[in-house]
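Peer 1: Have a look at this one before I ask anything.
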Amino acid sequence: MPRGRRRATVPAAGRVVARPRPGRYQPPDGAADPLPPAVHPCYRMAMQQRGGDTDPGWGEASRYAAHLDRGWDHLDRGAVDAARRSAEEAHRLRPEDPDALYLLGQVAAAAGSPDEALAWFERALEVEPTYVSPAIASALVALYDLDAPEQAVDAAERALGMETLGPLDALDMQLVAAEAEIRLGREGHAMARLSEMPEHETLEAACRLVALRRDNPDAPLPHPDEMPDPAMAEAAAALFYDPDGEPNDPEEFEGVCQRILELGARLARTWQRLDRPDAATYVARLLVHGMPNAADAWYTLADAHMASGDPETGIRAALRSAILEASDPIPEFVPDADTLRGKVVEMLATAPHPAVRQLVERPVPVFVHVADRVPPELLLDGVDPRVAVLALGPRGGERDHEIMGLSVYRRGLAHHAGHGDAVLGVLHELLYDEVGHALSLSDDERRALLDDAWERSGRRVPASDGTDDDPQDAPGGRRYDA
């Protein structure tokens, strides 16, 4: 199965890892709200709960809230330097406030400094040990950025022990712990964790509630107290209400649905890595049932069916996924065709392996084709609809490992990269991985190619857990059955 979906669904270096869910502070009945309306809701709620200063003008509390608010807004727009300045100003005003410490950690994570980020998160937890957001962020950074699975398990267990951890965050932490245990070679522990966790039932309940809401959009919102079992109650609370019990608006509801989809896709892939394609397929079908118009749900189902040895159903699901996102525009951060073509030639010409350099040095150089999406005829041939780089050449016989052309697909590159700063580094990595497989280079030779790509792009190399299908180890891929 083609690999490389990690960056689309979980944090990597250079991305914000876990922003706290904004809440709505409501003053007591009959009392005026003492905070300026522009103050970020994350801080408004925290300041009131902690009994901090609530000056209505532009005193210390208002300046602090303004810096915090601007910091998050800058971070949302990808303006990391501006976000850092705002976070540092907030920290200067209140050096021991955990909100400022947490924001500084998020800025460091976005800047690609995971060690610094982890230090800020841990400092925030020292000040407020029950602060859920930095506890979650610590586990994510430890696993996905620092490749410290033992540390990630400990951080995830710490978060799971917090009473205020919501059901979706709990599933996130269970998955982090399971993925870390797989990297440590403790597949039995990961299997037991996923089999026994109650969040499985919550995910199933959430998908069923989303389907019901889709079929009856004008029906009154279901209240958690009216649900027949705890899993349905937790799912209803997460989907339809914010932490203060206020109904979610449509945008917030869609955001929760997207997170359920991402968590479900991660759960399905984790079951695949544990050689449980039946469990992966079951989870994928839940996602399709709840969100039949989501391309990611169908892609997850295609992935699961391919892993279970059912290519016909898998290809049909892959086609459905491609059709659903065919009208989506290619993100602006993906370079145009001419730029990508030139970068591919440059990367091949400077590769550390002579067989790769030969592709552009031979009398008839390899043909580099750039397109927006994988064409349907290749999908019917079993090609991953989200592949970013595909090597093309004769099949079978003595020329089986000869590369005649390379296709680069901008939509697939966007899926793998996730954001603009990572595009060329991801292209470098996926190109070398695909070419290394197509030329049948040895494991050591392919690892040397990937090491070179990571070093040139400044990206962190995740360690392999020793499995051939580890998405952290070899992010490229050609066909489902490759």
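Residues checked against (1) surrounded by fewer than 16 Cβ atoms within 10 Å (Cβ to Cβ); (2) touching a Lys or Arg at 6+ places or on another chain (Cβ under 8 Å):
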{"site": "126", "(1), (2)": "yes, no"}
{"site": "130", "(1), (2)": "yes, no"}
{"site": "133", "(1), (2)": "no, yes"}
{"site": "141", "(1), (2)": "no, no"}
{"site": "144", "(1), (2)": "no, yes"}
{"site": "155", "(1), (2)": "no, no"}
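Peer 1: Go through the range 331-446 and tell me which helices (runs of 4 or more DSSP H), entirely inside it, have 3 or more residues that are surrounded by fewer than 19 Cβ atoms within 10 Å (Cβ to Cβ) and of a type in the set (D, E, K, R).
Peer 2: 337-349
Peer 1: Of the conditions (1) modelled with pLDDT of 90 or more; (2) of a type outside the set (Phe, Trp, Tyr); (3) in a helix (DSSP H, G or I); (4) out of contact with any Leu (no Cβ under 6 Å at 6 or more places or on another chain), residue 95 satisfies every one except a single condition; which number is it?
Peer 2: (3)
Peer 1: Given 317, 307, 302, 297, which one is modelled with pLDDT under 95, hydrophobic (A, V, I, L, M, F, W, C) and either outside the structural domain of residue 439 (by TED's automatic domain parsing) or touching a Leu at 6+ places or on another chain (Cβ under 6 Å) (or both)?
Peer 2: 307
Peer 1: Report yes if residue 165 is touching a residue at least 12 places away in the same chain (Cβ under 8 Å), assigned to a loop (DSSP other than H, G, I, E, B), touching a Phe, Trp or Tyr at 6+ places or on another chain (Cβ under 6 Å) and of a type outside the set (Lys, Arg), otherwise no.
Peer 2: So residue 165 fails the test.
Peer 1: Just to be sure, is residue 191 at negative phi, in contact with a helix residue (DSSP H, G or I) (Cβ under 6 Å, 6 or more places away or on another chain) and of a type outside the set (Ser, Thr, Tyr)?
Peer 2: Criteria not met by residue 191.
Peer 1: Residue 143 is checked against (1) in contact (Cβ under 8 Å) with a residue 12 or more places away in the chain; (2) part of a helix (DSSP H, G or I); (3) farther than 27 Å from residue 419 by Cα; (4) not aromatic (Phe, Trp, Tyr) and fails just one. What number does that condition carry?
Peer 2: (3)
Peer 1: Can you find a residue in the range 183-193 that is aliphatic (A, V, I, L, M), part of a helix (DSSP H, G or I), surrounded by fewer than 21 Cβ atoms within 10 Å (Cβ to Cβ) and in contact (Cβ under 8 Å) with a residue 40 or more places away in the chain?
Peer 2: Within the range 183-193, one or more residues are aliphatic (A, V, I, L, M), part of a helix (DSSP H, G or I), surrounded by fewer than 21 Cβ atoms within 10 Å (Cβ to Cβ) and in contact (Cβ under 8 Å) with a residue 40 or more places away in the chain.
Peer 1: Being modelled with pLDDT under 50, in a helix (DSSP H, G or I) and either closer than 28 Å to residue 249 by Cα or outside the structural domain of residue 425 (by TED's automatic domain parsing) (or both) is true for just one of 106, 26, 49. Which residue is that?
Peer 2: On inspection, the qualifying residue turns out to be 49.
Peer 1: Taking only the range 81-102 into account, find how many residues are more than 24 Å from residue 132 (Cβ to Cβ) and not acidic (Asp, Glu).
Peer 2: Qualifying residue count, the range 81-102: 3.
The values are calculated or read from the model by the stated rules, or taken from the named source; none is laboratory data. What you see is a predicted model, and the numbers here were worked out from it, not measured in a lab. Here the Cβ is made from the backbone with ideal geometry for all residues, glycine too, and neighbour counts use every protein chain on show.
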